[in-house]
1. Output the residues belonging to segment 160-176 that are free of Cβ contacts under 8 Å to residues at least 40 places away in the same chain and closer than 19 Å to LEU187 by Cα.
2. If I go through segment 75-114 residue by residue, how many of them are of a type in the set (Gly, Ala, Ser), under 22 Å from HIS233 (Cβ atoms) and surrounded by 24 or more Cβ atoms within 10 Å (Cβ to Cβ)?
3. Among the strands (runs of 3 or more DSSP E) confined wholly to segment 43-139, which include 1 or more residues that are basic (Lys, Arg)?
4. Can you pull out every residue in segment 187-217 that is closer than 19 Å to HIS122 by Cβ and of a type in the set (Val, Ile, Thr)?
5. If I filter segment 5-25 down to residues being surrounded by fewer than 20 Cβ atoms within 10 Å (Cβ to Cβ) and hydrophobic (A, V, I, L, M, F, W, C), which single residue comes out as modelled with the highest pLDDT?
6. So the check is Cβ under 8 Å with 6+ separation or different chains; which pairs have a first residue in segment 137-152 that's in the same structural domain as VAL198 (by TED's automatic domain parsing) and a second one that's of a type in the set (Ser, Thr, Tyr) and surrounded by fewer than 15 Cβ atoms within 10 Å (Cβ to Cβ)?
7. Take the conditions charged (D, E, K, R), under 22 Å from ILE19 (Cα atoms) and outside the structural domain of LYS21 (by TED's automatic domain parsing) and apply them to GLU213. Does it pass?
8. Checking LEU131 against (1) surrounded by 22 or more Cβ atoms within 10 Å (Cβ to Cβ); (2) at pLDDT below 95; (3) of a type in the set (A, V, I, L, M, F, W, C), which single condition isn't satisfied?
Amino acid sequence: MKTAAHHSSRKVTGKVIGILKLNTHFPRLQGDIGNPSSFDFPTRYITIENAIADNITVADQLPPELQLEFIHAAEVLIREKVSLITTTCGFLSTMQRQLAELSSIPVICSALELLPLLKAIHGGEENIGVLTFNRHNLNTIHTAGTQPAAIEGLLNGDSLRRVISDDLDKLDQDQALREVMAATDRLLRAAPKLTAIVLECTNLSPYKQQIREHSGRAVYDLVDAINWLMLSH
């Protein structure tokens, strides 16, 4: 079964980030995990042929055949001796345990894996909010049993969501930023006392600093977690 195609960045170091990528072609801005320039380490991408945004950002576990595609691709990365395995979609937190059990290589599928740690750091889940691609489908299956104070996300009509969902080749970055700021405002209205925001959606990471400045809150994403983990070993 053909499931993957892969390529590497040109950075030179002894460590490599292995990334399981959805089969999408929309623009990946710097800061997005799908853009190799987001990292100080070389990257090895494997594209999962049957994984697209709409069949990954679902409320339940992935179908068994799609889970197997991710497992087989992760096994390729393990054989290639990458230093860490991750993914390009936060909803893939549902694959965390299965992929982590494959080998001793560290695995972090999603920024949502940080929630139990941030719950302890920030004094409880009531102080944590999540920004997501699809707030209607995100639930405790994805959040490691943690129940954040609020979950907000892109609206159905938002241009950024359409670009991702329909895999469009052009993105209006200014409009996307306005939509992300509007989502941040909705999150803060829902939970004014939260002290931390977690970005489920890796496509929100290019706006991370603007979210921090706009909200005045600590903002955590998968790129930061990957860099931390890569420096830890």
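The values are calculated or read from the model by the stated rules, or taken from the named source; none is laboratory data. Since the structure is predicted, the reported quantities are computational estimates derived from the model, not experimental observations. Note: ideal-geometry Cβ built from the backbone for every residue, glycine included; neighbour counts use all protein chains shown.
1. Passing the criteria: ARG161, GLN175, ALA176.
2. 2
3. So the answer is 43-48.
4. Matches in segment 187-217: THR195, ILE197, VAL198, ILE211.
5. For segment 5-25, the residue satisfying everything is ALA5.
6. Pairs that qualify, where the first residue is in the same structural domain as VAL198 (by TED's automatic domain parsing) and the partner is of a type in the set (Ser, Thr, Tyr) and surrounded by fewer than 15 Cβ atoms within 10 Å (Cβ to Cβ), are THR146/THR140; GLN147/THR140.
7. Judged against the criteria, GLU213 is not a match.
8. (2)
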